[in-house]
1. Got at least one residue in the stretch 49-63 being within 28 Å of Gly350 (Cβ to Cβ), of a type in the set (A, V, I, L, M, F, W, C), part of a loop (DSSP other than H, G, I, E, B) and within 20 Å of the chain's Cα centre (by Cα)?
2. Quick check on this structure: which one of Ile201, Ile269 is touching a residue at least 24 places away in the same chain (Cβ under 8 Å), more than 27 Å from Ala134 (Cβ to Cβ) and not aromatic (Phe, Trp, Tyr)?
3. Hey, can you tell me all the residues within the stretch 1-15 that are at pLDDT 95 or above and assigned to a loop (DSSP other than H, G, I, E, B)?
4. Within the stretch 270-294, how many residues turn out to be in a helix (DSSP H, G or I) and polar (S, T, N, Q)?
5. Based on what the data block shows, is Val252 more than 28 Å from Gly153 (Cβ to Cβ) and modelled with pLDDT of 95 or more?
6. Scan (1) within 30 Å of Pro175 (Cα to Cα); (2) modelled with pLDDT of 95 or more for the single condition Arg246 breaks and write down its number.
7. Being exposed (fewer than 12 other Cβ atoms within 10 Å of the Cβ) and β-branched (Val, Ile, Thr) narrows it down to one residue among Thr195, Thr182; which is it?
8. Could you check the stretch 24-43 and list, in sequence order, the residues that are assigned to a helix (DSSP H, G or I) and either in contact with a His (Cβ under 8 Å, 6 or more places away or on another chain) or of a type in the set (S, T, N, Q) (or both)?
Amino acid sequence: MSKPPLSGIRVADFCWAWAGPYGALQLAHLGAEVIRIESTTRMCPSRLIPPWAENERGINRAGYFNQYNQGKRSITLNLKKPEGVEIAKRLVAKSDIVMENFAAGVMDKMGLGYEALRAVKPDIIMASLSGYGATGPEKEYVSYGPPQVALSGMSSLTGYPGGPPMQAGFSYGDPNGGVHGTFAILCALIHRQRTGEGQYIDLSQREACAMLLPEALMDFVMNGTQPPRMGNRDPYMAPHGVFRCRGEDRWVSLAVRDEAEWHRFCAVIGQRELASDPRFATLAARKENEEELERIVTHWTQQHTAEEVTQQLQQAGIPAYPSLDGRDMLANPHVSARGFFVELEHPEVGIRRHLGIPWKMSRTPCEVRRPAPCLGQDTDYVLQEIVGLDPRDIAALREKEVLL
């Protein structure tokens, strides 16, 4: 049977919160052995926030942590003690990749910066996913995912016409930074395979988030123009947006991309005459009369369920789909048919449905091999089988509060 693409690769995962763990999750999905280095002295915040299984609080019961740490192992290691730092170095010496997302310089202060780790593993690949990067006047600033939306310029584009800048709805910078970090690591692995050289990856989550906004940034570079906030509208498509449907809080998203689709759209809603109406006959005209256009579209969508609108427009080759909530997504027959959801038995919360791997690879199949770990559940295995300590050494370290 074919192995996953990163089979045999080991990752020392010093990450916490969302960005780093999400990036390391992708490496676990690709078959790497990912070992999370955790500590009760500085608990990962994702273990401390809801939702909890059965609404019962517990460090192993957080859905947030259990989603983004599937397939990983967990060891507890007190990095405030010199012995803990030394064990971390010994683990790195048996690893291929180190990943962390603390503020710039934190790993150096702990004695685990790139130069220190390269001394124990010359070809190590280390990725640091800090908020601002390891250089520049703001390198020592701390950051978190939600501010990245504002720092990158995304908030300036998010909101309704005439309204203020708004948050994008969730911590966009975190998963985006994690995915960019994973991509850079894969490139570094290819480079190491060709040259034998490891390298240090200095990623700025702020800059990675700005990579999502090329049109807005280039608009200013090329024209000196700041794009306005447009809500759900689009500068080159109309109608384009999310429209209310029949039922309580039911909506459909749709986009009419060109004149041919506009003519078909008018036919679907039973108003062919709109296609030649001077107010809507061209894109420029539709944009100029967009409020009236959206009232017409909403009048039609409110007479139908989101599913009915989707079916009618999709049959006409027009992009449309209901706006799904969490329950809808979990019950979606198409996503379920693709095997996206996984249900593995967790030691403490039992069998839970989680989002799995969003890609299929024919020659190197991937799978979620294990549920997220309980805190420190793999400490003895990692220290004995990978680091090479015997049980007496491990017992002594526990006595000295190194393994907590």
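The values are calculated or read from the model by the stated rules, or taken from the named source; none is laboratory data. Source: prediction; values computed, not measured. Heads up, the Cβs are rebuilt from the backbone with ideal geometry, glycines too, and the neighbour counts pull from every protein chain shown.
1. Of the stretch 49-63, the ones within 28 Å of Gly350 (Cβ to Cβ) are 49-63.
After this cut, where a residue has to be of a type in the set (A, V, I, L, M, F, W, C) as well, the list is 49, 52-53, 59, 62.
Applying the additional criterion that residues be part of a loop (DSSP other than H, G, I, E, B) yields 49, 59.
Applying the additional criterion that residues be within 20 Å of the chain's Cα centre (by Cα) yields 49.
Looking through the stretch 49-63, at least one residue is within 28 Å of Gly350 (Cβ to Cβ), of a type in the set (A, V, I, L, M, F, W, C), part of a loop (DSSP other than H, G, I, E, B) and within 20 Å of the chain's Cα centre (by Cα).
2. Values: Ile201 fails: more than 27 Å from Ala134 (Cβ to Cβ).
From the options Ile201, Ile269, the qualifying one is Ile269.
3. Here is the first cut: in the stretch 1-15, the ones at pLDDT 95 or above are 4-15.
Result: Pro4, Pro5, Leu6, Ser7, Gly8, Ile9, Phe14, Cys15.
4. Taking the stretch 270-294 first, the residues in a helix (DSSP H, G or I) are 272-276, 283-288, 290-294.
Still in the running and polar (S, T, N, Q): 276.
Of the residues in that region, 1 qualify.
5. So Val252 fits the description; yes.
6. Looking at each condition in turn, Arg246 falls short on (1).
7. Thr195
8. We begin by selecting, within the stretch 24-43, every residue assigned to a helix (DSSP H, G or I); these are 24-29, 40-42.
If the condition is that a residue be assigned to a helix (DSSP H, G or I) and either in contact with a His (Cβ under 8 Å, 6 or more places away or on another chain) or of a type in the set (S, T, N, Q) (or both), then Gln26, Thr40, Thr41 are the ones that fit.
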